[in-house]
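Colleague: Handing you a structure now.
Rule-based calculations on the coordinates, nothing more; no lab input. Remember, predicted model here, so these are calculated numbers, not experimental data. Neighbour counts are summed over all protein chains in view; Cβ atoms, including those assigned to glycine, are modelled from backbone coordinates with ideal geometry.
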Amino acid sequence: MAAADPVSRRIPLPTGLTYHALEWDAPSEHTVILLHGFLDHSWGWQPVADAGLGGRFHLVAPDMRGHGDSDRVGAGGYYYFADYLADLHELIDLVGRERVSLVGHSMGGNIAVYYSGTFPKRVHKLALLEALVPPHVTETNPERIASWIDAWRRTRARPQHSYATVDEAAARLVERDARLDPALALRLAAHGTIAGADGRLRFKHDPLHLTPGPYGIRADVARTFWARVACPTLIMEAAESEYGFGDSSARRPTVEGARREVVAAAGHMLLRHQPARVAELLADFLAP
């Protein structure tokens, strides 16, 4: 049975931006914050909520800064990874109940584990879905800085790709993810696009996200955060991930005592491909 429809909220943060978040209320003092991945948005969690997670916990799925309906940083600003942690810290204060757990997919998983390592006493439980350190990260050096500045200039000058209809935008999502159900693609495209002055649709994420940042995420630095996680942790991997971990243990989160689960017949976007199985694993793990 599908969960009740979420409530859409606008939440001003002390960090200066207003966040959009979906909230599935429940008679529970356990708040579970669902963090989406790169270029995704909060509505991507609805299949998991509908598949059984909704109604069990107080669920809050924010659009991270520059994604979905949350504010962009604006002229002159950029997206640094630590900014997401600051936003999350304030969001927890504003929406969290007695216990707060974090569930993050991909980029959202990295935000969740970094936050849990920074503030280990604030997180009750932690679930990481396909959270891994990117391969072949270039060290910060003059060449990387020059590339970042050049990409920033080009992105601001280049018009964002647009689509005539929601169906056309949905087709683009399916083109990038062949496992994505077309009906779900339509719902995600409807929530994830906005019409411009010319009437054409554009995805809501800030195109600046597509530029290579000046600072890379390094495995040796990530390990210092992983080592400080103090709560029960679930690490969920997709059996057929396009970003498979393979034999490279350096890219896998290594949290002491973590439970590992592999989701069959799923790629990197496992919350779209197998929402019922993801909801089942999360409900079991998050239960008191």
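Colleague: Assign one of three labels to the stretch 102-253, namely rounded, prolate or oblate, based on the Cα gyration tensor with a ≥ b ≥ c the square roots of its eigenvalues; rounded applies when a/c is under 1.5, prolate when it is not and a/b is larger than b/c, and oblate otherwise. Intermediate values should be presented prior to the final figure.
Modeller: Numbers: a/c = 2.07, a/b = 1.39, b/c = 1.49.
Oblate shape, in that a/c is at least 1.5 and b/c is the bigger or equal ratio.
Colleague: Once you charge only the Cβ atoms, +1 for Lys and Arg and -1 for Asp and Glu, what is the size of the charge dipole of the stretch 139-216 about its Cα centre, to the nearest 20 debye? Could the numbers behind the result be given before it?
Modeller: On the way: 12 positive and 10 negative charges, 39 e Å.
Once rounded to the nearest 20, the dipole reads 180 debye.
Colleague: Let me ask another. Taking just the alpha carbons, could you work out the radius of gyration and Dmax for the stretch 167-288, both in angstroms?
Modeller: Here Rg and the maximum Cα pair distance are 17.9, 53 Å.
Colleague: Please give the peptides 147-157, 28-38, 187-197 ranked by average Cβ packing (other Cβ atoms within 10 Å per residue), highest first, as a rough proxy for protection. If you can, show how the numbers build up before the last one.
Modeller: On the way: 147-157: 12.8, 28-38: 22.1, 187-197: 16.6.
Taking the mean over residues of other Cβ atoms within 10 Å, the ranking is 28-38, 187-197, 147-157.
Colleague: Taking 7 Å along the Cα-to-C-beta vector as the label spot, tell me the ARG97-THR140 distance in nanometres, rounded to one decimal.
Modeller: Computed distance between label sites ARG97 and THR140 equals 4.0 nm.
Colleague: Tell me the net charge near VAL174. Cut-off is 12 Å between Cβ atoms, VAL174 excluded, with +1 for each Lys or Arg and -1 for each Asp or Glu.
Modeller: Values: positive: ARG172, ARG176, ARG179, ARG272; negative: ASP167, GLU168, GLU175, ASP177, ASP181.
Combined, the nearby Lys, Arg, Asp and Glu give -1.
Colleague: Next question. R0 = 35 Å: FRET efficiency of ARG158 with ALA178, Cβ-based, nearest 0.05? Could the numbers behind the result be given before it?
Modeller: Details: r = 27 Å, r/R0 = 0.78.
FRET efficiency, ARG158 to ALA178: 0.80.
Colleague: Given the peptides 74-85, 47-58, 258-269, 212-223, arrange them by the average over their residues of other C-beta atoms within 10 Å, most packed first. Can you show the working numbers first?
Modeller: Working: 74-85: 13.6, 47-58: 22.2, 258-269: 17.4, 212-223: 15.2.
Packing proxy ranking, top to bottom: 47-58, 258-269, 212-223, 74-85.
Colleague: Between THR165 and ALA230, what is 0.36 nm times their sequence separation minus the Cα-Cα distance? Round to one decimal in nm. Let's see the in-between values first.
Modeller: Details: separation 65, 0.36 × 65 = 23.40 nm, distance 4.69 nm.
Between THR165 and ALA230, full extension yields an extra 18.7 nm.
Colleague: Then there is this: Report the one residue of LEU270, PRO212, PHE285 whose Cα lies farthest in the direction of the positive end of the charge dipole of the stretch 183-288 (charges on C-beta: Lys and Arg +1, Asp and Glu -1; origin at the Cα centre).
Modeller: It is PRO212, whose Cα lies furthest towards the positive end.
Colleague: Which entry is the computed Rg and Dmax of the Cα atoms in Å for this structure: (i) 19.1, 56; (ii) 18.3, 54; (iii) 23.9, 77?
Modeller: Of the labelled values, this structure produces (ii).
Colleague: Charges on Cβ only, +1 for Lys and Arg, -1 for Asp and Glu, centred on the Cα centroid of the stretch 139-216; of GLY192, PRO182, TRP152, which one is farthest towards the dipole's positive end?
Modeller: Value: TRP152.
Colleague: Ordered by residue, what ³J(HN,Hα) values in Hz, to whole numbers, does the stretch 94-108 give under the Karplus form 6.51 cos²θ - 1.76 cosθ + 1.60, where θ = phi - 60° and Gly and Pro are x?
Modeller: Running phi through 6.51 cos²θ - 1.76 cosθ + 1.60 with θ = phi - 60° gives 8, 10, x, 9, 4, 10, 10, 10, 10, 10, x, 10, 6, 4, x Hz.
Colleague: Once you place label points 7 Å from the Cα toward the Cβ at TYR80 and ASP284, how far apart are they in nm?
Modeller: About 4.2 nm separates the two model spin labels.
Colleague: Classify the stretch 139-216 as rounded, prolate or oblate from the Cα gyration tensor: take a ≥ b ≥ c as the square roots of its eigenvalues, call it rounded if a/c is under 1.5, otherwise prolate when a/b beats b/c and oblate if not. Could the numbers behind the result be given before it?
Modeller: Details: a/c = 3.61, a/b = 1.84, b/c = 1.96.
Cα axes put the stretch 139-216 in the oblate bin.
Colleague: Can you show me the helix-derived [θ] at 222 nm for the chain, built from DSSP H runs with n ≥ 4 at -39,500 (n - 2.57) apiece and divided by the number of residues, rounded to the nearest 500. Don't skip to the end; give the middle numbers.
Modeller: Details: 8 runs with 89 residues, N = 288.
It comes out at -9500 deg cm²/dmol, rounded to the nearest 500.
Colleague: Using θ = phi - 60° and the Karplus relation 6.51 cos²θ - 1.76 cosθ + 1.60, list the HN-Hα couplings for the stretch 270-281 in order, rounded to whole Hz, with x at every Gly or Pro.
Modeller: Karplus-based 3J(HN,Hα) across the stretch 270-281 equals 4, 5, 8, 7, 9, x, 5, 5, 4, 4, 4, 5 Hz.
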